[in-house]
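What follows is a short report on a single structure.
The values are calculated or read from the model by the stated rules, or taken from the named source; none is laboratory data. Keep in mind that what you see is a predicted model, and the values were worked out from it rather than measured. Glycine gets a Cβ as well: all are built from the backbone with ideal geometry, and neighbour counts include every protein chain shown. Each accessible area value is taken on the protein alone, full model and side chains, heavy atoms only, with ligands, DNA and RNA left out. Shrake-Rupley method; radii C 1.70, N 1.55, O 1.52, S 1.80 Å.
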Amino acid sequence: MAIIKVQKGTKDILPQEIESWHNLEAKALELFTNYGYKEIRTPIFEATELFARGVGDTTDIVNKEMYTFEKSDRSITLRPENTAGVVRSFIENGMFRQPMPVKLWYKGPMFRYERPQAGRQRQFHQIGVEMFGIAAPTADAEAILLATEYLKSLGLNDLTVEINSLGCPECREEYKKRIKEVLKPEFDNLCEDCKSRYEKNPLRLLDCKVDSCKAIFERPQIKAVIQSDFICDDCAQHFKTLKEYLDAAGVKYEENKLLVRGLDYYNRTVFEIKSNNLGSQNAVCGGGRYDSLVKNLGGEDTPAVGWAMGMERLNSLLPSIEPKKLDAYIVSNNMPEALKLAQELRSKNISVEFDLSNKKFNKQLEKASKCANYAIFLGEDELKNNYITLKNLSTATQTTTTKEELLNIIKNI
Ligand code: ATP
Ligand code: MG
């Protein structure tokens with residue numbers, strides 16, 4: 001019978017890889033907690049409308065990439081990102097009544113119907129933070145600092161932080177108009193996606209990955225408009241202060257005027273963190289400020305800033321971590337005694353296994369040397385005379401000891 005395989009664009013995370021995931025999660029829990037963040041777990045599916053209204057119905061994510069299905073006349077979507085879900089929960093649970101800022105973090109699977117390739121899956125995992133209630137650039141700076149500190153804690157130091165300001169909806173209008181004007185003569189040469197972006201959301205043109213479009217945006221006259229300083233005084237001041245804070249915190253960054261991000265909800269600060277070691281899917285982190293999203297989804301007007309990192313991309317930058325060995329393996333043919341000793345050691349938080357199928361002594365020892373740091377021999381003689389033989393499997397030294405001493409020795413591995 002043909003075997004059933006994992007779906008295209010999805011992957012099993014196997015036991016031999018799981019230590020790397022635990023490492024990402026443990027470091028996040030520790031550091032994010034130190035920054036005052038609390039974890040939130042929202043459902044993996046939400047009403048489709050949440051993403052249409054939240055992420056924006058002119059974005060690639062909503063237009064092309066969502067897993068949407070009908071159930072009992074309702075349109076449901078597997079979350080393609082988690083900011084919209086966290087904002088929904090923030091509103092629904094009345095979190096705007098808490099003292100600001102409210103700081104939340106999450107981790108979990110996201111779903112996007114994209115062409116699978118290196119660094120791009122259909123089910124992938126993100127870890128991210130959202131901070132509500134602070135309009136000042138201190139929040140943007142602290143959020144970016146948290147991202148860089150987290151990456152540093154994982155041992156990733158050679159990444160580039162790119163920042164830009166998209167201004168506010170008011171100053172962006174003028175910019176959009178100017179971009180449309182200068183691109184008008186080139187309209188027919190734009191890719192099909194850009195043709196539709198031209199009307200619906202001209203800022204998204206700058207995010208186009210098609211070479212022929214990128215070449216058009218590089219022409220001096222067009223580039224001059226794209227790179228022009230369009231943001232209003234307030235937005236410019238916000239951006240300037242953010243940069244001062246980043247300098248003060250020692251965060252290195254580059255300004256990238258073409259950085260617009262693929263989601264509609266951003267205003268003012270946007271940023272990405274990129275690696276040179278990831279090929280074309282080189283962004284590990286993306287984020288920014290989204291001051292109008294809470295209101296757009298029906299909540300109190302609440303400024304917010306956040307980011308998300310791709311956990312698969314993080315893992316691919318890190319050396320793999322060897323699976324941990326057991327502390328000990330009991331070699332014995334006396335099942336009740338082995339079971340009792342295992343129980344006792346486990347209750348002292350020592351990881352231990354023993355042979356459950358009564359194999360020959362040699363086979364048991366072979367297994368012990370593969371999977372444990374110590375072998376504990378519990379043979380006839382040991383049981384009769386009430387002692388234990390302990391073998392350190394990395395040095396091959398063997399000692400006899402008592403059950404009480406055993407705990408001390410193994411615990412101090
Ligand atoms: P990209 O430009 O690579 O498509 P994006 O702008 O769509 O990224 P975001 O929505 O900002 O990505 O998501 C934040 C992070 O999540 C990305 O920087 C990336 O590390 C990761 N990510 C996004 N889409 C995928 C995917 N399909 N597979 C694996 N990781 C992904
Ligand atoms: Mg994308």
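Annotation note: trypsin sites (Lys or Arg not before Pro) in the stretch 327-357 located in DSSP loop regions with a Cβ neighbour count of at most 15 within 10 Å are Lys348.
Which log10 I(q)/I(0) values does the chain give at q = 0.10, 0.11 Å⁻¹ under the Debye formula, counting every alpha carbon as one identical point scatterer? Each listed q maps to, in turn, -0.78, -0.88.
In the chain, a dipole from Cβ-located charges (positive for Lys and Arg, negative for Asp and Glu) runs towards its positive end, and of Leu29, Leu156, Ile44 it is Ile44 whose Cα lies farthest in that direction. Per-residue extension of 0.36 nm, minus the Cα-Cα distance of Thr397 and Asp211, leaves a gain of 60.6 nm for this segment. For the chain, adding -39500 (n - 2.57) for each run of n ≥ 4 DSSP H residues and dividing by the number of residues yields -11000 deg cm²/dmol at 222 nm. FRET efficiency for the pair Lys370 and Asn408, taken as 1/(1 + (r/R0)^6) with r the Cβ-Cβ distance and R0 = 25 Å, rounds to 0.50.
Answer rounded, prolate or oblate for the stretch 326-411, using the Cα gyration tensor with square roots of eigenvalues a ≥ b ≥ c: rounded when a/c is under 1.5, else prolate when a/b is larger than b/c, else oblate. Rounded, since a/c falls under 1.5. Given their separation in residues at 0.36 nm each and the Cα-Cα distance between them, Glu149 and Lys11 gain 46.8 nm when the chain is fully extended.
With contacts taken as Cα pairs under 8 Å at a separation of at least 6 residues, the chain carries a relative contact order of 16 percent.
To put it simply, the accessible area of the stretch 216-314 at a 1.4 Å probe is 43 percent carbon and sulfur.
Rounded if a/c is under 1.5, else prolate if a/b is larger than b/c, else oblate: which is the stretch 169-230, with a ≥ b ≥ c the root eigenvalues of its Cα gyration tensor? Verdict is oblate for the stretch 169-230. Note on Ala47 and Ser196: the extension gain reaches 51.1 nm, defined as 0.36 nm multiplied by sequence separation minus the Cα-Cα distance. Under a 1.4 Å probe, what is the accessible area of the chain per residue, stated in Å²? Result: 53 Å² of accessible area for each residue. Take every pair of alpha-carbon atoms less than 8 Å apart whose residues are at least six positions apart; their mean separation over the length of the stretch 105-229 yields a relative contact order of 14 percent. Seen from Lys103, the other residues with C-beta closer than 12 Å to its C-beta sum to a net charge of -2, counting Lys and Arg as +1 and Asp and Glu as -1. Here's how it looks for Val284: its modeled amide H is under 5 Å from those of Ile273, Lys274, Ser275, which are all 5 or more places away or on a different chain. At an R0 of 51 angstrom, the distance between the Cβ atoms of Asn386 and Tyr35 translates into a FRET efficiency of 0.45.
Scanning the chain for DSSP H helices at least 20 Å long along the axis (C-alpha atoms) with a Kyte-Doolittle mean no lower than -0.5 picks out 18-34, 137-153.
In this rough spin-label picture, where each label sits 7 Å from Cα along the Cβ direction, the Lys252-Asp57 distance is 4.5 nm.
Computed over protein heavy atoms with a 1.4 Å probe, the carbon and sulfur contribution to the accessible area of the stretch 326-411 reaches 49%. Remark: for residue pairs Lys325/Lys384; Lys348/Lys411; Lys243/Lys295; Lys391/Lys411; Lys180/Lys274, the C-alpha separation exceeds 21 Å in Lys325/Lys384; Lys243/Lys295; Lys180/Lys274. If you plug the beta carbon distance of His22 and Met1 into 1/(1 + (r/R0)^6) with R0 = 45 Å, you get a FRET efficiency near 0.80.
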